[in-house]
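The values are calculated or read from the model by the stated rules, or taken from the named source; none is laboratory data. Everything numeric here is computed off the predicted structure, so don't read it as measured data. Here the Cβ positions follow ideal geometry from the backbone for every residue, glycine too, while neighbour counts run over all protein chains shown. Ligands, DNA and RNA are excluded from the accessible area calculation, which covers all protein heavy atoms including side chains. Shrake-Rupley method; radii C 1.70, N 1.55, O 1.52, S 1.80 Å.
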Amino acid sequence: GLAFKDPSHCSDCVFIRDQKGRFHVIYEDWSPINASRRSWDSPLAGHAVSDDGIKAFKILPPAIDNRTKPTGKVAEYRHPHWAQHPDWNSNIGKYNVHSPEQEAYGDWASINIGGQYYLFGDYDPVGGHQMSVCWFTSSSLDKKFAWCDNIGQGHPDPDIGFAEGQFY
């Protein structure tokens, strides 16, 4: 079922519960990029929170925002599955064109270790598009996440675990 009707019509989100018991969703926000050309990832990770994880999601400032400069132009792309969804009458997505080309991240996975939050995701860098896994961190889900690094090669769609002092 649909837990959160994301205004950017994206996908590949992650839910994580904070220390207060609130449910946060971090999602790819495709509004600043032609996601069909960037592995369906984005430089913008939207963020919303709900007390029960089921209703009344409040949209917060983005968890990650690495957009470049908006050009003022709006363009379109076709999504291969949207026309099949009962809430959408079209498979046309619109986005705000930015310049220069933007990094893209997505397919989020999250973990909290000792009060420190981590987001792991696909990393589709500018130029060449050599996919890998990236990660970001923040001391609070209410703060913007900071870039840490990237590892590996290939299209990862990561999931994560932490054991014996190591990420897996």
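Of note:
- Subset of region 15-30 that is open to solvent by less than 40 Å² (accessible area, probe 1.4 Å) and touching a residue at least 40 places away in the same chain (Cβ under 8 Å) - its residue that is farthest from F57 (Cα to Cα): W30
- A residue that is touching a Ser or Thr at 6+ places or on another chain (Cβ under 6 Å) and among the hydroxyl-bearing types (S, T, Y) occurs somewhere in region 105-121.
- Residue-level check: of (1) touching a Phe, Trp or Tyr at 6+ places or on another chain (Cβ under 9 Å); (2) open to solvent by less than 40 Å² (accessible area, probe 1.4 Å); (3) over 19 Å from R17 (Cα atoms), G154 misses just (1).
- Counted residues, region 73-93 - those being open to solvent by 50 Å² or more (accessible area, probe 1.4 Å) and modelled with pLDDT of 90 or more: 3
- Exactly one residue out of S132, S90, S139 is in contact with a Phe, Trp or Tyr (Cβ under 8 Å, 6 or more places away or on another chain) and closer than 30 Å to Q19 by Cβ: that is S139.
Residues checked against (1) in contact with a helix residue (DSSP H, G or I) (Cβ under 6 Å, 6 or more places away or on another chain); (2) at positive phi; (3) open to solvent by 20 Å² or more (accessible area, probe 1.4 Å); (4) not in a strand (DSSP E or B):
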| position | (1), (2), (3), (4) |
| --- | --- |
| D12 | no, yes, yes, yes |
| P32 | no, no, no, yes |
| H47 | no, no, no, no |
| L60 | no, no, yes, no |
| T71 | no, no, yes, no |
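- All of D107, D65, D124 fail the test of being over 26 Å from R17 (Cβ atoms), of a type in the set (D, E), touching a strand residue (DSSP E or B) at 6+ places or on another chain (Cβ under 8 Å) and open to solvent by less than 70 Å² (accessible area, probe 1.4 Å), apart from D124.
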